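First the structure, in the form of structure tokens, and then the observations on it.
The values are calculated or read from the model by the stated rules, or taken from the named source; none is laboratory data. If you're wondering where the values come from, they're calculated on a predicted model, not measured in any experiment. Every residue, glycine as well, gets a Cβ built from its backbone with ideal geometry; the counts of neighbours run over all protein chains shown. When the accessible area is computed, the model is the full protein with side chains, heavy atoms only, and any ligands, DNA or RNA have been set aside. Shrake-Rupley method; radii C 1.70, N 1.55, O 1.52, S 1.80 Å.
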Amino acid sequence: MKILILGGTKFLGRALTEAAIAQGHDVTLFHRGLHDANAFPNVRHIIGDRNNDLDLLQGREWDAVIDTSGYEPESVLAAAKQLKNQVRHYTFISTISVYEDLKKVSVNESAPVAKLTDQMDPGQKYGAKKALCELAVQQEFPNHTLVIRPGLIVGPYDVSDRFTYWPARFHRGGEVLVPLPKERKLQFIDVRDLSAWIIRLVEQEMVGTLHASGSDYTMEEVVQSCTENTQSEVICTWVPEEFLVANEVGEWMELPLWIQSDSLVGMFSLDNTKAFANGLTTRPLIEIVRDTLAWDQNRAMNAARAAGMDPAREEELLRIWSENIF
């Protein structure tokens, strides 16, 4: 197939490009050239901004487009209008953040989505805008749209560090602060599994809306895999939510994979039945941990990380905890 990817050199876009090439497809990347512009020298690159340079796509045809970089409804609508006579099938990468209520568990694809209002905080607006982006594509590609709603995407090249923190932290060794309960439910998906699956769906010209938040894990399983993947000496200190809240530990970004029990717990427990019924497969957790750490080790160790607890802050919290319990 001839596949156009809007994006294609950063994280998910990069993995999609690799998966499409592996399947023998003819790939064109349309991107701004800001993230590893030298990647994939053997595919066609069109350098431009989707908000100003859609005319660069004129006069070309593809079998399918995969839109990884659409966040504003107006921008997505413009791309869909431009491409509706140039491609047969449009895959839009959305998000589970579209849902109105992620405090509920086992949400499926039919749950109500958020409605955009001026009173929303930026995080809520992100999901509501993505929902409008979905509608924009469906408007221009009726019966030819595939919407993928991923949850937490992890693996190599994930510069968000929301999962990467844990393999890297265990590799550093020493005493590690870990949030209870051990049976905390988590969902995430390796970017390579997600991408290979999306390419298979594109090949089938699949339509509809599908979750892609991956397999179910527990915090204890993540810790075990990180421990097995390091030769460093590690001591895990499990602390309860009450301690983290009392010490104003930031959920999600300061302490990745942790959110308060009365927060958006539904984002880690969606109904993925439809995805697995349509061929989604996921690799072993230990492999995700191993490959994520291997990629992270190639980054400059003194480079700023987007998420994760500062070592001095962790040490202070561990000291406070030990003084309280002894």
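In the range 213-246, how many residues are of a type in the set (Gly, Ala, Ser) and over 18 Å from residue 257 (Cβ atoms)? Here the count works out to 2. Taken over the range 261-270, residues that are surrounded by fewer than 16 Cβ atoms within 10 Å (Cβ to Cβ) and of a type outside the set (Ser, Thr, Tyr) amount to 1.
For the range 205-254, a residue qualifies if it is charged (D, E, K, R) and either in contact with a strand residue (DSSP E or B) (Cβ under 6 Å, 6 or more places away or on another chain) or closer than 21 Å to residue 287 by Cα (or both), and the qualifying residues are 205, 216, 220, 221, 228, 233. Pairing each residue of the range 298-324 that is under 20 Å from residue 178 (Cβ atoms) and assigned to a helix (DSSP H, G or I) with any residue that is acidic (Asp, Glu) and open to solvent by 60 Å² or more (accessible area, probe 1.4 Å), provided the two are 6+ apart or on different chains, yields C-beta distances under 8 Å for 318/175. Restricted to strands (runs of 3 or more DSSP E) entirely inside the range 31-106, those with at least 2 residues that are of a type outside the set (A, V, I, L, M) and in contact (Cβ under 8 Å) with a residue 40 or more places away in the chain are 89-93. Looking only at residues of the range 60-69 that are of a type outside the set (Val, Ile, Thr) and modelled with pLDDT of 95 or more, we find that the one that is nearest to residue 201 (Cα to Cα) is 64.
Is at least one residue of the range 211-223 modelled with pLDDT of 95 or more, open to solvent by 40 Å² or more (accessible area, probe 1.4 Å) and either closer than 20 Å to residue 109 by Cβ or not charged (D, E, K, R) (or both)? Yes, there is a match, as at least one residue in the range 211-223 is modelled with pLDDT of 95 or more, open to solvent by 40 Å² or more (accessible area, probe 1.4 Å) and either closer than 20 Å to residue 109 by Cβ or not charged (D, E, K, R) (or both). Right, residue 263: touching a Lys or Arg at 6+ places or on another chain (Cβ under 8 Å), under 30 Å from residue 146 (Cα atoms) and of a type in the set (S, T, N, Q) or not? The answer is yes for residue 263.
Residues in the range 1-34 that are of a type in the set (A, V, I, L, M, F, W, C) and open to solvent by 40 Å² or more (accessible area, probe 1.4 Å): 1, 21, 22, 34.
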